[in-house]
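To start, the structure under review is shown below, and the notes come after it.
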Amino acid sequence: MDARFRDLLAAEWMKLWSLRSTPWAFVVGAVAALGVNLNATLADHRNYPNYADGIKELFVPIWAMRDAFTLGGAMVFTLATGSIGALMIVGEYGTGQIRTTFAAVPARRAVVAAKTLVLAAVMTAYGTLVAGVSFAATQAVLDDRGVGMAIGDEGVLRAVAGSALLAPVCALAGFGLGALLRHTATTMVTLTGVLLLLPALMDDRNRWGAIFLHALPQGAWKRLTQVGESPVPVDFPWTAGGAWTVYAVWALGAAAVAFVAVGRRDV
């Protein structure tokens, strides 16, 4: 890494935090996701003595892990991180600052590489913090009922890592879409449709619907946070290895789209 690329990394770091919306997006995304997860956990803590014996037998690990990483919390987190990723590039196109950037650094791919690395690193740290706090806080509440889980329990570390890495995957998806579409409203609507609405429209009891769901970040996240055997039959199950592959393909594919879109199109 030469000095010039280090300068680009430093510049992208400063530009990310210079946006007034960025710190708020981080805070609101974390508080909302943690609030949804804790609300579900407190409801289970309150109602646990009244649960039927069958539910109590399944509570650890299935329901305890679902409290740590609820679908509602994941959807909020997906929207927040995807939006931050999109704003990292469409913000520059919207203000025209991108022309100044490319005038100073004609090597567009180097600029995109710096943006990608800064975004991925920040989002990985952010996702790890939020996932770790969510797991620790929810399991501390459930421990009061004797049904909390530990990080060393089977499948727990994979679930925490899968939730943490949802942040960079969705952020890079937003980044790739932003580079392709270059318009804030269009990018946000498309991002919401792809990451949140499409999974809701698919039927996992249908083979092709299940395959499509498995290929989306939300489907991969569900598989990675699944701990224990499902209490209901799953017609088309998916492997954890396949879910990790989906994460990698989305992250690398989004970065590739950004490289091609920024490198070949006029500003």
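Would it be correct to say that residue 220 is in contact (Cβ under 8 Å) with a residue 40 or more places away in the chain, closer than 24 Å to residue 64 by Cβ and assigned to a helix (DSSP H, G or I)? Give the steps one after another, and end with the answer.
On the way: in contact (Cβ under 8 Å) with a residue 40 or more places away in the chain: yes; closer than 24 Å to residue 64 by Cβ: yes; assigned to a helix (DSSP H, G or I): yes.
Considered against the rule, which asks whether it is in contact (Cβ under 8 Å) with a residue 40 or more places away in the chain, closer than 24 Å to residue 64 by Cβ and assigned to a helix (DSSP H, G or I), residue 220 comes out as yes.
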Just checking, how many residues over segment 144-190 are of a type outside the set (Gly, Ala, Ser) and on the phi > 0 side of the Ramachandran plot? 1
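Can residue 60 be described as of a type in the set (Val, Ile, Thr), over 30 Å from residue 114 (Cβ atoms), in contact (Cβ under 8 Å) with a residue 12 or more places away in the chain and touching a helix residue (DSSP H, G or I) at 6+ places or on another chain (Cβ under 6 Å)?
It is false that residue 60 is of a type in the set (Val, Ile, Thr), over 30 Å from residue 114 (Cβ atoms), in contact (Cβ under 8 Å) with a residue 12 or more places away in the chain and touching a helix residue (DSSP H, G or I) at 6+ places or on another chain (Cβ under 6 Å).
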Could you say whether any residue in segment 42-59 is at pLDDT below 95, closer than 30 Å to residue 186 by Cβ, surrounded by fewer than 21 Cβ atoms within 10 Å (Cβ to Cβ) and among the hydrophobic types (A, V, I, L, M, F, W, C)? no
Looking only at segment 79-116, which residues are within 21 Å of residue 256 (Cβ to Cβ) and of a type in the set (Val, Ile, Thr)? 81, 84, 89, 90, 98, 101, 105, 111, 112, 116
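Of all residues in segment 149-162 being in a helix (DSSP H, G or I) and open to solvent by 50 Å² or more (accessible area, probe 1.4 Å), which is nearest to residue 257 (Cα to Cα)? Walk me through how you get there before you give the answer.
Step one: of segment 149-162, the residues in a helix (DSSP H, G or I) are 156-162.
So of that shortlist, the ones also open to solvent by 50 Å² or more (accessible area, probe 1.4 Å) come out as 157-158.
Values: 157: 31, 158: 28 Å.
Going through the qualifying residues, I end up with 158.
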Out of all the residues in segment 130-142, is one or more among the β-branched types (Val, Ile, Thr), over 21 Å from the mean Cα position of the chain (by Cα) and in a helix (DSSP H, G or I)? yes
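Condition test on residue 87, is it under 21 Å from residue 135 (Cβ atoms) and either outside any helix (DSSP H, G or I) or open to solvent by 20 Å² or more (accessible area, probe 1.4 Å) (or both)? Lay out the reasoning, then the answer.
On the way: under 21 Å from residue 135 (Cβ atoms): no; either outside any helix (DSSP H, G or I) or open to solvent by 20 Å² or more (accessible area, probe 1.4 Å) (or both): yes.
So residue 87 does not fit the description; no.
Residues checked against (1) modelled with pLDDT under 95; (2) of a type in the set (A, V, I, L, M, F, W, C); (3) in contact with a Phe, Trp or Tyr (Cβ under 8 Å, 6 or more places away or on another chain); (4) open to solvent by less than 20 Å² (accessible area, probe 1.4 Å):
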site: 121; (1), (2), (3), (4): no, yes, no, no
site: 125; (1), (2), (3), (4): no, yes, no, no
site: 142; (1), (2), (3), (4): no, yes, no, yes
site: 164; (1), (2), (3), (4): no, yes, no, yes
site: 167; (1), (2), (3), (4): no, yes, yes, yes
site: 170; (1), (2), (3), (4): no, yes, yes, yes
site: 174; (1), (2), (3), (4): no, no, no, yes
site: 184; (1), (2), (3), (4): yes, no, no, no
site: 207; (1), (2), (3), (4): yes, no, yes, no
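Considering every residue within segment 10-25, establish whether at least one is farther than 23 Å from residue 177 by Cα and at pLDDT 90 or above. Steps first, please.
Initial filter on segment 10-25 (farther than 23 Å from residue 177 by Cα): 10.
Remaining after also requiring at pLDDT 90 or above: 10.
Yes, there is a match, as at least one residue in segment 10-25 is farther than 23 Å from residue 177 by Cα and at pLDDT 90 or above.
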Could you tell me how many of the residues in segment 228-257 are buried (at least 21 other Cβ atoms within 10 Å of the Cβ) and more than 19 Å from residue 78 (Cα to Cα)? 1
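Name every residue in segment 170-210 that is aliphatic (A, V, I, L, M), touching a residue at least 60 places away in the same chain (Cβ under 8 Å) and not in a helix (DSSP H, G or I), in order of residue number.
Looking only at segment 170-210, we keep the residues that are aliphatic (A, V, I, L, M), and these are 171-173, 177, 179-181, 185, 188-189, 191, 194-198, 200-202, 210.
Filter again for touching a residue at least 60 places away in the same chain (Cβ under 8 Å), leaving 171-173, 177, 179-181, 188, 191, 195-196.
The answer is none; no residue qualifies.
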When you scan segment 28-45, do you find a residue that is over 22 Å from residue 163 (Cα atoms) and outside any loop (DSSP other than H, G, I, E, B), even just one? yes
Quick check on segment 99-118. Is at least one of its residues in contact (Cβ under 8 Å) with a residue 60 or more places away in the chain, open to solvent by less than 10 Å² (accessible area, probe 1.4 Å) and either among the β-branched types (Val, Ile, Thr) or outside any helix (DSSP H, G or I) (or both)? yes
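The values are calculated or read from the model by the stated rules, or taken from the named source; none is laboratory data. Everything quoted here is computed from the prediction, not taken from an experiment. FYI the Cβ positions are ideal-geometry reconstructions off the backbone, even for glycines, and counts take in every protein chain you see. All accessible areas refer to the heavy atoms of the entire protein, side chains included, with ligands and DNA or RNA removed. Shrake-Rupley method; radii C 1.70, N 1.55, O 1.52, S 1.80 Å.
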